[in-house]
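Novice: Structure below; questions to follow.
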Amino acid sequence: MTTDLAVIAFARNPDPEARERILALVQDAGAEVERFSTVRVTGPGSAGPDSEVPGYNAFTALVHGSEATALLAALRPDPLTQMLPGVDVNVVPTTLFDPGRKKLLIMDVDSTLIQQEVVEMLAAHAGREAEVAAVTEAAMRGELDFAQSLHARVETLAGLPASVVDEVRAAVRLSPGADVLVRAFLREGHAVAAVSGGFLGVLTPLAEQLRLTRHTANTLEVVDGRLTGRVLGEVVDRTVKERCLRTWAEELGVAPEDVIAVGDGANDIDMLTAAGLGVAYNAKPALRAAADAQLNLPNLDAVRFFADL
């Protein structure tokens with residue numbers, strides 16, 4: 001059975017031979033290339049006016065003659081290794097290119113939509129950043145239960161004035177290209193959501209700034225103007241993230257195959273596997289092994305190429 005597919009590759013550094021090498025790789029895999037295009041993305045439009053993050057090349061080939069799983073296995077046999085050094089090669093269904101189909105882009109927040117880990121920034125105010133960072137790293141690798149690790153990290157915040165949340169929010173920085181990506185989806189009538197194992201006190205102002213369609217995160221308990229070291233209600237873990245994806249897609253009238261999910265850690269695995277396309281963004285090995293597509297370059301706006309935006 002022949003399936004219409006798009007091979008989308010990203011190279012961080014300019015490489016005059018990258019186009020030919022990618023084309024040869026696709027043809028050697030037995031796929032017939034219908035159209036091949038190259039876009040160089042650089043400058044303030046992709047990384048922000050004050051950023052020194054380099055641009056990237058995006059390569060898109062429309063192909064026939066191969067099943068998605070077989071073609072991906074040929075182009076990326078090991079999800080943790082690039083066949084072409086410095087180049088991420090991905091295979092996506094061309095249905096995501098259909099402008100008539102409404103799409104939902106749903107993203108993790110810490111180290112995905114934003115550059116930082118908020119709980120570590122909060123812990124810095126308590127002088128325990130290194131301790132909390134080690135727990136965060138283990139949780140993102142999938143070595144610890146996320147809910148238990150979150151409770152342990154939040155306990156270190158007990159006694160801090162609630163105002164530290166506002167201070168951290170002011171220090172948070174979007175990932176390069178995040179605003180470009182969000183605007184591109186919203187401009188075309190699609191929905192954009194953020195679901196975070198972090199905290200609403202930081203995410204809600206950010207969601208309002210970006211005009212996100214949906215968002216959710218954890219709530220820090222505050223008593224007498226100070227953090228208690230506890231989280232209120234259900235922790236937003238991998239199960240909750242997946243549930244949010246399914247619920248929001250149904251509410252917004254988006255078919256499951258038209259959902260693009262982006263994350264960086266093990267807490268995002270269920271969400272990415274439930275999406276029509278799961279994208280690992282500068283991710284931990286556990287997520288890269290489970291994701292449909294990968295971006296290992298510091299420009300989140302590259303995600304828009306998966307929807308031909």
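Novice: Work out the length of the dipole vector of the chain about its Cα centre, built from +1 on the beta-carbon of each Lys and Arg and -1 on the beta-carbon of each Asp and Glu, and round it to the nearest 20 debye.
Specialist: The dipole magnitude comes to about 400 debye.
Novice: Take the chain, connect every pair of alpha-carbon atoms lying under 10 Å apart with a spring to form a Gaussian network, then pick out the residue of VAL132, VAL259, VAL223 with the largest mean-square fluctuation.
Specialist: Looking only at VAL132, VAL259, VAL223, the largest GNM fluctuation is found for VAL223.
Novice: Given a 1.4 angstrom probe, I'd like the percentage of the accessible area of the chain that is carbon and sulfur, rounded to a whole number.
Specialist: 49 percent
Novice: Follow-up. Where only protein heavy atoms count, and the probe is 1.4 Å, what is the accessible area per residue for the chain in Å²?
Specialist: Each residue of the chain exposes 42 Å² on average to a 1.4 Å probe.
Novice: Next question, about the same structure. Please name whichever of THR273, PRO85, ALA302 sits farthest to the positive end of the charge dipole of the chain, dipole taken about the Cα centre and charges placed at Cβ: Lys and Arg +1, Asp and Glu -1.
Specialist: The Cα lying farthest towards the positive end belongs to ALA302.
Novice: I've got another one for you. Nearest 5 percent is fine: what portion of the DSSP beta bridges confined to the stretch 177-244 is antiparallel?
Specialist: Percentage antiparallel, nearest 5: 50.
Novice: Related question: Taking the Cα atoms of the chain alone, what are Rg (to one decimal) and Dmax (as a whole number) in Å?
Specialist: Rg, Dmax (Cα atoms, Å): 19.7, 66.
Novice: How large is the charge dipole for the stretch 97-248, taken about the Cα centre, if only the Cβ atoms of Lys, Arg (+1) and Asp, Glu (-1) carry charge, to the nearest 20 debye?
Specialist: I would put it at about 740 debye.
Novice: Let me ask you something else. Given an 8 Å cut-off on Cα distances and at least 6 residues of separation, report the relative contact order of the stretch 136-214 as a percent.
Specialist: Taking the mean separation of contacting Cα pairs over the length of the stretch 136-214, I get 26 percent.
Novice: Okay, moving on. With each run of n ≥ 4 DSSP H residues scored as -39500 (n - 2.57), what mean residue ellipticity at 222 nm is computed for the chain after dividing by its residue count and rounding to the nearest 500 deg cm²/dmol?
Specialist: The per-residue figure over the chain is -10000 deg cm²/dmol.
Novice: So, one more: Considering only DSSP beta bridges with both partners in the chain, what is the antiparallel share in %, to the nearest 5?
Specialist: Bridges in the chain are about 60 percent antiparallel.
Novice: Which three extents, in angstrom, do the Cα atoms of the stretch 53-107 have along their principal axes, listed largest first?
Specialist: 36, 36, 21
Novice: Once you keep just the Cα pairs under 8 angstrom separated by 6 or more residues, what percentage relative contact order results for the chain?
Specialist: It comes to 21 percent, rounded to a whole number.
The values are calculated or read from the model by the stated rules, or taken from the named source; none is laboratory data. A quick note: this is a predicted structure, and the numbers were derived from the prediction, not measured. Positions of Cβ are backbone-derived with ideal geometry, glycine not excepted, and every protein chain shown enters the neighbour counts. Remember, those area values only see protein heavy atoms, side chains included, never the ligands or the DNA or RNA. Shrake-Rupley method; radii C 1.70, N 1.55, O 1.52, S 1.80 Å.
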